[in-house]
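> So that we are looking at the same thing, I have put the structure below in structure tokens.
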Amino acid sequence: MQRAQLCHELLYQRRWQPTPAIYIDMPPTVTFTKELIVKTACDLVEEQGWEMLTARNVAARLSSSTAPIYSCFASIQELQQTVIDSARDVMIKCTYTAYTERPFLNQGTGIVVFAREHREYFRLLFLSDKAPKLIPDLYSQVLHDMQHDDRFKGFTDEECATIFNKLWMLAIGMATLAFNRQLPDNSTEYIISIFLETGSLIIPDGIAKIYAHRSM
């Protein structure tokens, strides 16, 4: 009797003994922030060009599906506009860098430096179908800043524009050469020297013509 009871107790213990828990290491959840998506999109454009900016290409760089992109942006157009805004920010940063002690000279230099160091951004902002909407804003801003130069104080917007248009063509021409890697010397020092040399001819000539026109 005791033996039978012992066997029953052992069988009960084996039958109801809890199964050891099995723990499986799961990979951590990857979170894609809006900032990371924008940076990835910008890197893609800088390295491969605007035409490569698609949701699938950005997702491929993130090693993910397109779902994180559309959770942060309502459409691919919204992401594209964000990249355009980022490119403009980079350009503005270049034009306001203190290469010299002359702010107006720095802006012209900055446009060329921008074309040299951010070729695909320059192509996007100045040489694509986006340019007609973007260039006038930059033109107006630089023209406005020009009027803070002591040499041009007292001149009207129209008078400043007669000088500025020539300097603007010089800046865009040099920037295009830098973009195509056709400058004889790609250094910032060379770029500044060309602006100084050419500006020393354009600006005094322009000022003299303004005063001559006023005296007529």
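> Which one of these does Thr109 not meet: (1) buried (at least 16 other Cβ atoms within 10 Å of the Cβ); (2) closer than 16 Å to Arg181 by Cα; (3) free of Cβ contacts under 8 Å to residues at least 40 places away in the same chain?
Here Thr109 clears every test but (3).
Here is a yes/no grid of residues against (1) of a type in the set (Ser, Thr, Tyr); (2) buried (at least 16 other Cβ atoms within 10 Å of the Cβ); (3) modelled with pLDDT of 95 or more; (4) not assigned by TED's automatic domain parsing to the domain that holds Ser128:
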{"position": "Arg14", "(1), (2), (3), (4)": "no, no, no, yes"}
{"position": "Pro20", "(1), (2), (3), (4)": "no, no, no, yes"}
{"position": "Tyr23", "(1), (2), (3), (4)": "yes, no, no, yes"}
{"position": "Lys39", "(1), (2), (3), (4)": "no, no, yes, yes"}
{"position": "Met52", "(1), (2), (3), (4)": "no, no, yes, yes"}
{"position": "Arg56", "(1), (2), (3), (4)": "no, no, yes, yes"}
{"position": "Ser63", "(1), (2), (3), (4)": "yes, no, no, yes"}
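> Please go through region 127-142 and pick out each residue that is in a helix (DSSP H, G or I) and hydrophobic (A, V, I, L, M, F, W, C).
Within region 127-142, Ala131, Leu134, Ile135, Leu138, Val142 meet the criteria.
> When you go through Glu189, Glu159 one by one, which is the residue that is at pLDDT 95 or above and of a type in the set (Asp, Glu)?
From the options Glu189, Glu159, the qualifying one is Glu189.
> Here is a list: His118, His144. Which entry is assigned by TED's automatic domain parsing to the domain that holds Leu196 and modelled with pLDDT of 95 or more?
Selected residue: His118, the only one of His118, His144 that is assigned by TED's automatic domain parsing to the domain that holds Leu196 and modelled with pLDDT of 95 or more.
Residue-wise test of (1) hydrophobic (A, V, I, L, M, F, W, C); (2) outside any helix (DSSP H, G or I); (3) closer than 19 Å to Thr95 by Cβ.
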site: Ala178; (1), (2), (3): yes, no, yes
site: Arg181; (1), (2), (3): no, yes, no
site: Ile192; (1), (2), (3): yes, no, yes
site: Phe195; (1), (2), (3): yes, no, yes
site: Met216; (1), (2), (3): yes, yes, no
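> Contact list please: Cβ distance under 7 Å, first residue in region 175-194 and exposed (fewer than 10 other Cβ atoms within 10 Å of the Cβ), second residue assigned to a helix (DSSP H, G or I) and charged (D, E, K, R), pairs at least six apart or on different chains.
none
> Please go through region 62-88 and give me each residue that is assigned to a helix (DSSP H, G or I) and more than 18 Å from the chain's Cα centre (by Cα), ordered by number.
Leu62, Ala67, Pro68, Ile69, Tyr70, Ser71, Cys72
The values are calculated or read from the model by the stated rules, or taken from the named source; none is laboratory data. Please read these numbers as outputs of a predicted model, since none were measured by experiment. When we count neighbours, we look across all protein chains shown, and the Cβ atoms used for this are built from the backbone with ideal geometry, even at glycine.
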